[in-house]
Structure formats: C-alpha cells, structure tokens
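*Asks:* Got a structure here, written out as structure tokens. Questions coming.
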Amino acid sequence: MISQIKQQGFTIVELLIVIVVIAILAALSYVGYTSITARANNSTAMASAKAVKDTIQTFQGAHGSFPASRAVMLSGYPSGGSASDAIAKLPSDITFIATADVGASTSPKEVGVQTYTVGGSVVGFIITYRNFSNAAGTNGTANAANSNIKTMTIGDTTTSGGTAAAVPAS
C-alpha cells in the first residue's frame, strides 16, 4: 500500500499576499506619522516665533523702546535696569539663527530675528520661522525661493531707507 504524505505549510502566493498587505499597512502608517510630525513642528515653530513677538511687544509696551539684544530679551529688562523691572522674558530654549538659515532649520525652536532700523533707531522687528509641512516639493525636492519660510513683523518695517540686521546677542 502506498501512503501519501500530506505537505504542510503555506504556498508562495499566500506568503506574497501577506507581505503585500504588511507593506501597504506600513506605508499608510508612515505617511500618517510624517504628517503628524510636520504639523507638530509647525505648531512649535509658530509658537516659538509668537513667543519672540509677544516678548518684544510686551517689552516695548512696558519700557517704551524695543529690546536692543537677545540678552535683553532673555533678562526681560533694559540695559541698566534691574530684575525687578523684568516684564517680558524670552523663553531660553528658543535659538536665534541667521534669517538666511531659517529655510534649512531642523528645529522648530530656531527663529530668525532681525531689527529694522531707521536713522539709528530700531523701529521694528522681522521674525522668520520655518513651515515644516511645506519643506519638500511634490517631486521630493526642496521648494523654490524660500516658500517654506513664514514671516511676522512688529512695528514699522516698511519705512524707506531702513535697514534690517540680525539682533545682537548682547
């Protein structure tokens, strides 16, 4: 009598179907994850820029002048003042970077801040931050002409004859 041995296991087609299903699920979860990460970075970047803007506006309202440096923004009081004069303090985890570097920024806590000066007096500020959800074009390359940079302004930044310059550290 000839006995037949039954083979056990999965066929190649069944294994391929399982692999394809797993690959599709992985691709969907990756797309969802990157979208959530980009939105979180956008929110943090906008909050960082808004914190700088609020600090400058509060300082200007309390002291009648714009802060002259990042050190003054961190202390919350003007040069020659005391800690008891501190009104608005810049969060210490926000980093000022060159405005030209904002588009390549990898941290939502990096903000470009420039003073706008007319006749030797600071009359406004230009704050730039990166839009993380718009960092790549549809073909996977970087977008042209800084389209991933957002700007906020404070005070008068439109007067002709003025110049923009980086905020000094101290």
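*Asks:* Report, to the nearest whole %, how much of the accessible area of the range 2-84 belongs to carbon and sulfur atoms, 1.4 Å probe, protein only.
*Replies:* Details: 3860 of 5850 Å².
After summing per-atom areas, the C and S share lands at 66 percent.
*Asks:* Decide, for the chain, between rounded, prolate and oblate: order the square roots of the alpha carbon gyration tensor eigenvalues as a ≥ b ≥ c, take rounded if a/c falls under 1.5, and otherwise choose prolate if a/b is larger than b/c, else oblate.
*Replies:* On the way: a/c = 5.50, a/b = 3.05, b/c = 1.80.
Prolate.
*Asks:* Hey, another quick one. Using the 2.2 N^0.38 Å rule of thumb for compact globular proteins, work out how the range 6-91 stacks up: its C-alpha Rg over that value, please.
*Replies:* After normalising by residue count via 2.2 N^0.38 Å, the value is 2.31.
*Asks:* Just to confirm, what accessible area per residue do you get for the chain at 1.4 Å probe, in whole Å²?
*Replies:* 62 Å²
*Asks:* Keeping every protein chain in place, order 107, 43 by accessible area at 1.4 Å, biggest value first, i.e. largest first.
*Replies:* 43, 107
*Asks:* Here is a further query. Express in Å², to the nearest 10, the accessible area of residue 153 obtained by rolling a 1.4 Å probe over the protein heavy atoms while all chains stay in place.
*Replies:* The value for residue 153 is about 70 Å².
*Asks:* Between the helical axis of 12-63 and the dominant principal axis of the chain, each derived from Cα atoms, what acute angle in degrees is found, rounded to the nearest 10?
*Replies:* 10 degrees
*Asks:* Hey, what number do you get for the chain at 222 nm if only DSSP H runs of n ≥ 4 count, each worth -39500 (n - 2.57), divided across all residues, to the nearest 500?
*Replies:* That calculation yields -12500 deg cm²/dmol at 222 nm.
The values are calculated or read from the model by the stated rules, or taken from the named source; none is laboratory data. Model, not experiment: these values are computed from the prediction. The protein model used for the area step is the full one, side chains on, heavy atoms only, and it has no ligands, DNA or RNA in it. Shrake-Rupley method; radii C 1.70, N 1.55, O 1.52, S 1.80 Å.
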